[in-house]
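The values are calculated or read from the model by the stated rules, or taken from the named source; none is laboratory data. Since this is a predicted model, take the numbers as computed values, not measurements. Cβ atoms come from the backbone with ideal geometry, glycine included; neighbour counts cover every protein chain shown. Just so you know, the surface numbers come from the protein's heavy atoms only, side chains and all, with ligands and any DNA or RNA stripped out. Shrake-Rupley method; radii C 1.70, N 1.55, O 1.52, S 1.80 Å.
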Amino acid sequence: MAVLVFADHDNVTLKDNTHKTVTAALSLSGDVDILVAGQGVAGVAAEAAKIAGVRKVLTAESEALGRQIAEAVAGAVTPLMADYDALLVPATSVGKNFAPRVAALLDVAPISEIIEVVDSQTFTRPIYAGNALETVVSSDPKKVITVRATAFKAAGEGGSAAITAVDPGPGAPKTRFVSDELVKSDRPELAGAKIVVSGGRAMGSAEEFQRVIEPLADKLGAAVGASRAAVDAGYAPNDYQVGQTGKVVAPQLYVAIGISGAIQHLAGMKDSKVIVAINKDGDAPIFQIADYGLVADYKTAIPELMSALETVKA
Amino acid sequence: MKILAPVKRVLDYNVKARVKSDQSGVDLANMKMAMNPFCEIAVEEAVRLKEKGVAEEIVVVSIGPIQAQETIRTALAMGADRGILIQTDTDPEPLEVAKLLKAVALAEEPSLILMGKQAIDGDNNAVGQMLSALLDWPQATFASSLEVTGAVAKVTREVDGGLQTLELDLPAVVTADLRLNEPRYASLPNIMKAKKKTIDIKTVDDYGGLTSPHLSVTKVAEPPKRVGGVKVDSAATLVAKLKTEAGVI
């Protein structure tokens, strides 16, 4: 069987989600190709060609693909599936947007956000916000799958796959791109960060959130996250949200500050390697899953933490 | 303009899902059920478009057991005009749901299909996109803002790293994200009025029937439990443990 992996990128940089999805693909088949769909993606394709175990890299370029418009991406991917038995797509906002379209056009049932490949027909995926894990067997001749990248290790480098251009498809004649409003930040990206520092409703204001959470994140070289309660209260922007309706993260270290641990939040971070919780309520549910808990008011705990980190790093 | 709003009856958002001991599924017996929260947001947006004079009629459709009438009734109390229940005791997978909804769309000819981005039971996040592909209509998923002017919908979408704004030629499919609006509570007079609104009860065969499923669920298990660790007495101890014991800083 042959597997096509859809590359996660922003036309400039190849994202680590691609390497992780390649690992999932390699557990299905040794014949793994990568599609880089975008505009001006020669550099991204060159990066993709270096991933170990990849047979070849396909590039499809057009303006609509550069904006990753779902109709255009599905239009480029669907005809390629004549040569593949499975399509594996990182479950990003781009992947989730177009992959079900490909499935519908192929008349197959999509399999969303897998966390495990059991065998070539059988996959495990979370349902009910991660409160249950479903094992699902697909009888479709071609599989369309989105992959929760945090559940897989990144494939290494060292490959030298050939790069070939393919037809970019018909574009998206009924959809027009208007604008992007992307948050610019020097911090690591939340979804792939090794360390995440998240703040909750206890922060009380956007100013306090910035004053407390951001310096600690910068000291640790961490990405900044937030609970839904903090986002809904306007303390942090939408795309900081970790949880069922936000981003799913699994960093080496997750530091939850003033977060009680609502089930919706836990769904987004419980697979982190080490979880630290700082909360003044010793009965907060977050402590039930934290590896290290500190029952303290963040107002005193964070300055102490900052100075303790200073000592350790010195 | 007519809006079609598909809604799903699911385990209430506030109830924790429990896996059955035989691992055959999630226990729904005698549990509180409610409209999927993202569907509720979509219905609210449809009602707001009607209140602004943009939409004339809102048709709500649900696929599910006879009790899904209650879910449709909730949408009617929020301000939708009439309902269609496609009654089935099976739990059709997203591909089948998309095919049934396509048949409903071809019969009803809405200008806009406004629906939730995902149902909080299966968490598939697939039906809106599949429906759009089957109809060959444009799509905008994860909407956080929607404006309709003439035959064009301008939609701002929540994407990784920020927002993206698109314009779609109608008819189109738009799926609602959490921040599109805050759904209203139906008032008592509107709940009473909703009782008089029509719900047509149909079968899957009225809309092309169901084919055999492509997926079979062999097991539904509890996720591995994460055991809590230790409480530390100070920030200094915490840092020391993270450094020497966990090795993560």
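Structure above, values below:
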| item | result |
| --- | --- |
| From the options A:A284, A:A262, A:A223, A:A230, residue that is touching a Pro at 6+ places or on another chain (Cβ under 6 Å) and without any contact (Cβ under 8 Å) to a residue 40 or more places away in the chain | A:A223 |
| Given (1) more than 29 Å from the chain's Cα centre (by Cα); (2) more than 9 Å from chain B (Cβ to nearest Cβ); (3) not aliphatic (A, V, I, L, M), number of the condition A:P285 does not satisfy | (1) |
| Residue check, B:A143 more than 7 Å from chain A (Cβ to nearest Cβ), buried (at least 18 other Cβ atoms within 10 Å of the Cβ) and more than 30 Å from A:F177 (Cβ to Cβ) | no |
| Residues located in the stretch A:102-123, provided they are among the polar types (S, T, N, Q) and at the interface with chain B (Cβ under 9 Å from one of its Cβ atoms) | A:S112, A:T122 |
| Answer residue from the stretch A:81-93, given it is in contact (Cβ under 8 Å) with a residue 60 or more places away in the chain and open to solvent by 30 Å² or more (accessible area, probe 1.4 Å) and is farthest from the other protein chains (Cβ to nearest Cβ) among those | A:D83 |
| Considering residues of the stretch B:212-233 that are among the β-branched types (V, I, T) and farther than 29 Å from A:Q121 by Cβ only, the residue least open to solvent (accessible area, probe 1.4 Å) | B:V232 |
| When residues of the stretch B:96-140 are limited to those that are within 11 Å of chain A (Cβ to nearest Cβ) and on the phi > 0 side of the Ramachandran plot, the one surrounded by the fewest Cβ atoms within 10 Å (Cβ to Cβ) | B:D136 |
| Members of the stretch A:156-184 found to be within 12 Å of chain B (Cβ to nearest Cβ), assigned to a loop (DSSP other than H, G, I, E, B) and open to solvent by less than 70 Å² (accessible area, probe 1.4 Å), listed by number | A:G171, A:A172 |
| Every pair of residues 6+ apart whose Cβ atoms lie under 7 Å, when the first sits in the stretch B:19-48 and is over 22 Å from A:Q244 (Cβ atoms) while the second is open to solvent by 60 Å² or more (accessible area, probe 1.4 Å) | B:Q23/B:K219 |
| Answer residue from the stretch A:130-155, given it is outside any strand (DSSP E or B) and over 18 Å from the mean Cα position of the chain (by Cα) and is modelled with the lowest pLDDT among those | A:N131 |
| Matching option when the condition is closer than 21 Å to B:L131 by Cβ and either within 8 Å of chain A (Cβ to nearest Cβ) or free of Cβ contacts under 8 Å to residues at least 60 places away in the same chain (or both), among B:L166, B:L188 | B:L166 |
| Residue among A:A250, A:A256 that alone is in a strand (DSSP E or B), aliphatic (A, V, I, L, M) and more than 10 Å from every other protein chain (Cβ to nearest Cβ) | A:A256 |
| Considering residues of the stretch B:86-95 that are assigned to a loop (DSSP other than H, G, I, E, B) and within 13 Å of another protein chain (Cβ to nearest Cβ) only, the residue modelled with the lowest pLDDT | B:D91 |
